[in-house]
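Encoded as structure tokens, the structure appears first; notes follow it.
The values are calculated or read from the model by the stated rules, or taken from the named source; none is laboratory data. Given the structure is predicted, the values throughout are model-derived calculations rather than measurements. Because the Cβ atoms are built from the backbone with ideal geometry, glycine has one as well, and the counts that use them run over all protein chains shown. Keep in mind that these areas ignore ligands, DNA and RNA; they rest on the heavy atoms of the full protein, side chains included. Shrake-Rupley method; radii C 1.70, N 1.55, O 1.52, S 1.80 Å.
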Amino acid sequence: MTQQGAALQTYNNELVKCIEELCSKREELNRQILQEEEEKTKLQNDIRILTEKLSRVNESLARKLASRNDFDRTIAETEAAYMKILESSQTLLNVLKREAGSLSKGTLSHSAHKDS
């Protein structure tokens, strides 16, 4: 019986040692889990903050793009109107020169008739 008792004591010691090792491994794993859960929470918070920031930047960008489009439209319309003014000015100048030429000829021929 003593031999059986000694064997039982050896098994008991080994069983206790195995259980302690398992508990130690579980504790280490639990520590890693807590650490990763903490990291996960931090990352989720960072994502939330960055998502909000991205949303604000997108809204600002949309407003600025719309404003730029308004500028482009206004510039194009103004340039087109300015070109029409230039064309009208050129036409007016040509008409004025033609009329001045006709008046000068009329005046010169009128003066020539008076002198004769």
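At a glance:
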quantity	calculated
Reachable lysines, given that their alpha-carbon falls under 22 Å from the alpha-carbon of LYS64 and they are not under 8 places away in the same chain	LYS53
Accessible-area ranking of ASP70, ASP46, largest first, probe 1.4 Å	ASP70, ASP46
Accessible area (Å², 1.4 Å probe, nearest 10) - VAL95	60 Å²
Heavy-atom accessible surface of the chain: percent carbon and sulfur, 1.4 Å	60 percent
Choice from LYS40, LYS97, LYS84 showing the highest fluctuation, given a GNM over the chain with Cα pairs closer than 10 Å	LYS97
Accessible area of SER104 in the full protein assembly, 1.4 Å probe (Å², nearest 10)	60 Å²
ASN30 paired with ALA62, simple spin-label distance in nm, labels 7 Å along Cα-to-beta-carbon	4.9 nm
Whole-Hz ³J(HN,Hα) from phi, Karplus 6.51 cos²θ - 1.76 cosθ + 1.60, for segment 33-45, glycine and proline x	4, 4, 5, 5, 5, 5, 4, 4, 4, 4, 5, 4, 5
Accessible area of segment 1-68 divided out per residue, in Å², using a probe of 1.4 angstrom	96 Å²
Cα-based convex hull volume of the chain per residue, rounded to whole Å³	108 Å³
Cα centroid separation - segment 10-38 against segment 43-80, whole Å	55 Å
